[in-house]
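Here's the structure, in structure tokens; my notes come after.
The values are calculated or read from the model by the stated rules, or taken from the named source; none is laboratory data. Here the structure is a predicted model, which is why all the values come from computation and not from measurement. Positions of Cβ are backbone-derived with ideal geometry, glycine not excepted, and every protein chain shown enters the neighbour counts.
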Amino acid sequence: MTNARGKVSPLRGPEQIFLGGKWTVPSGVEAFDVVDATTEEPFQRLPLANGTDVSAAIGAARHAFDLGPWPRMRHGERAEYLRRFAQEIRARADQIQQVYPRETGVLYAFAQGMTSAAAQAWDYYADLGDTYEFETSAAPTAGGDLGLLVREPVGVVGAIVPWNSPIVTIAYKLAPALIAGCTVILKASTEAPIEAYIMAEIADDIGLPEGVFNMLVADREVSEILVRDPRVDKITFTGSTAAGRRIASLCGDRIARTTLELGGKSAALILDDADIEAAAAALSASSCAISGQVCSALTRIIVPRPRHDDLLAALASNAAAVQLGDPFDDATQMGPLAVERQRDRVESFVARGIEEGATLAAGGRRPQQLARGWFIEPTVFGNVDNASTLATEEIFGPVLSVIPADSEDHAIELANDSIYGLNASVFTPDPDRALSVARRLRTGTVGHNSFRSDFGVSFGGFKQSGIGREGGREGIASFLETKYIILDEK
């Protein structure tokens, strides 16, 4: 057993925000502490931006887009900056990996994987600068001789990122926006802001043109200024569906472009030929990732009624065996939740599930051996009604609900009976059967025999799980506007 917990490298300007290519003292005096989810001890103090700061950031981004060199560079020129972002993320990987588990409770090994994935995303979009069809010929059909279909940057982008996976979310918002030619205001969360600071330091180090990248941390009320301001052409947001509804309504008032990656209550369908033990192992392992604080987590487990008890027992046994503890300890299989209020939220749902008559088969309590840290045991409920609170509300914690189904058609009906449609998985040894079921599910991603999602191709949801897609070639399209130029021949 080893322990990788080390020192947190100091930020260069923890009393400042990054505006117009410069570290700037905020206008206000409000500040907040970033707290270690395992020890409950503050380890970094940072400033909160106010409305004046947000307006200044928007102004810097607007000036950089309208008058600066960035949108007028060739895509290959912008790609070189993206590659330097990737290089610097790898160079500062240890700093990121020391911070991420403290902020959110993720395992150190998981933080390593996410840091590597973030760097790869920056490289991917740099390469896409050479291969994406930003300009294509398209013959006119209503007059004119020559036609050119061009895809130009949408403009100034407000990027609002969540606390559960900041380094990767930042990459899949900023990298496609920047290669497209947009300028960006990055608004980080108070729970996990340090990766955003590191990215601002990288932007400073690589000499990104002034105003192309701006970074601050703000509360929800101040963040609405970013959403409302007509100088911001697009908002890309990852977070709760409730917050997404608010953002969509504000952007709708002024027809601003939006990409919304929101909540989920994703279903795993265990078909009648599935291996129960293998399915339980896969679902138990995935439920521990980020302590269940994953929008695409498979939290509704739909199983044929005759196999319900066997699956419930297997899931409960796996949950009871999970080793909770310090995310930096190699023996730990699940760390704490990110913040105290999140643990309170999970506990309230556990109480509600018991009250509504579901069978608590495992977990649901604070582990007695861990006096500090926002820990909650992996939790499994059985005999869950698909219309109950447990099955309809996004809990954002390690809570699984096992729901009995009377047939395959009934299982698909239950899976689709949700306001969400982000992710799903089908457990069966038969790929053809898995594909047949997958085609009937109203959800953005469907895996086979495992939790799966793939930002390298496409990620996003149906229904109230969001609007638009992130990742892969799909992820750049929302940062572009299409223009058709019709010319006469000379």
Within the stretch 395-403, can one find any residue that is in contact with a Pro (Cβ under 6 Å, 6 or more places away or on another chain) and modelled with pLDDT of 95 or more?
-> yes
For the stretch 454-485, name all the residues that are surrounded by fewer than 17 Cβ atoms within 10 Å (Cβ to Cβ) and in contact with a helix residue (DSSP H, G or I) (Cβ under 6 Å, 6 or more places away or on another chain).
-> S458
Is it fair to say I376 is more than 22 Å from A279 (Cα to Cα), at pLDDT 95 or above and either part of a helix (DSSP H, G or I) or out of contact with any Leu (no Cβ under 9 Å at 6 or more places or on another chain) (or both)?
-> no
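Listed here are the residues, each with its yes/no results for (1) under 21 Å from the mean Cα position of the chain (by Cα); (2) aliphatic (A, V, I, L, M); (3) not in a helix (DSSP H, G or I).
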{"position": "G143", "(1), (2), (3)": "no, no, yes"}
{"position": "V150", "(1), (2), (3)": "no, yes, yes"}
{"position": "N164", "(1), (2), (3)": "yes, no, yes"}
{"position": "Y172", "(1), (2), (3)": "yes, no, no"}
Does any residue of the stretch 126-137 turn out to be in contact with a Phe, Trp or Tyr (Cβ under 7 Å, 6 or more places away or on another chain), buried (at least 17 other Cβ atoms within 10 Å of the Cβ) and in contact (Cβ under 8 Å) with a residue 12 or more places away in the chain?
-> no
Tell me, which residue of the stretch 73-110 that is without any contact (Cβ under 8 Å) to a residue 40 or more places away in the chain and basic (K, R) is farthest from L370 (Cα to Cα)?
-> R74
For R102, all conditions in the list (1) surrounded by fewer than 18 Cβ atoms within 10 Å (Cβ to Cβ); (2) basic (K, R); (3) within 23 Å of the chain's Cα centre (by Cα) hold save one; what is the number of the exception?
-> (1)
State the number of residues belonging to the stretch 67-114 that are closer than 20 Å to Y197 by Cα, out of contact with any Leu (no Cβ under 7 Å at 6 or more places or on another chain) and hydrophobic (A, V, I, L, M, F, W, C).
-> 10
What do you reckon, is G6 touching a residue at least 40 places away in the same chain (Cβ under 8 Å), more than 19 Å from A171 (Cβ to Cβ), outside the structural domain of G325 (by TED's automatic domain parsing) and surrounded by fewer than 21 Cβ atoms within 10 Å (Cβ to Cβ)?
-> yes
Determine, yes or no, whether G475 is assigned to a helix (DSSP H, G or I), of a type outside the set (F, W, Y) and under 21 Å from N164 (Cα atoms).
-> yes
Residue list for the stretch 347-367, restricted to those being free of Cβ contacts under 8 Å to residues at least 40 places away in the same chain and on the phi > 0 side of the Ramachandran plot | G357, G364
Would you pick out the residues in the stretch 178-216 that are over 16 Å from the mean Cα position of the chain (by Cα) and among the small types (G, A, S)?
-> A180, G181, A200, A203, G207, G211
Would you call R84 among the basic types (K, R), at negative phi and buried (at least 22 other Cβ atoms within 10 Å of the Cβ)?
-> no
Going through the stretch 442-471 one residue at a time, which ones are not hydrophobic (A, V, I, L, M, F, W, C) and not in a loop (DSSP other than H, G, I, E, B)?
-> G447, H448, D454, S458, K463, G466, E470
Give the residue that is surrounded by the fewest Cβ atoms within 10 Å (Cβ to Cβ), with candidates limited to residues of the stretch 222-237 that are in a loop (DSSP other than H, G, I, E, B) and touching a residue at least 60 places away in the same chain (Cβ under 8 Å).
-> R231
So, of the residues in the stretch 308-324 that are of a type in the set (G, A, S) and surrounded by fewer than 19 Cβ atoms within 10 Å (Cβ to Cβ), which turns out to be farthest from V294 (Cα to Cα)?
-> A313
Taking strands (runs of 3 or more DSSP E) that fall entirely within the stretch 1-69, which contain at least 3 residues that are more than 12 Å from L216 (Cβ to Cβ)?
-> 31-35, 42-47
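Residue-wise test of (1) assigned to a helix (DSSP H, G or I); (2) buried (at least 16 other Cβ atoms within 10 Å of the Cβ); (3) among the acidic types (D, E).
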{"residue": "A351", "(1), (2), (3)": "yes, no, no"}
{"residue": "G357", "(1), (2), (3)": "no, no, no"}
{"residue": "L390", "(1), (2), (3)": "yes, yes, no"}
{"residue": "E394", "(1), (2), (3)": "no, yes, yes"}
Output for Cβ contacts, cut-off 6 Å, separation at least six or different chains, first residue of a type in the set (V, I, T) in the stretch 477-490, second assigned to a strand (DSSP E or B), reads T482/R151; I485/L148; I486/G147
Go through A256, A242 for me and flag whichever is without any contact (Cβ under 8 Å) to a residue 40 or more places away in the chain, at negative phi and loosely packed, with under 15 Cβ neighbours inside 10 Å.
-> A242
Give the number of residues within the stretch 198-221 that are surrounded by fewer than 24 Cβ atoms within 10 Å (Cβ to Cβ) and at pLDDT 95 or above.
-> 10
Give the residues of the stretch 478-490 that are touching a Gly at 6+ places or on another chain (Cβ under 7 Å), within 30 Å of G143 (Cβ to Cβ) and either part of a loop (DSSP other than H, G, I, E, B) or of a type outside the set (A, V, I, L, M, F, W, C) (or both), sorted by residue number.
-> Y484, D488
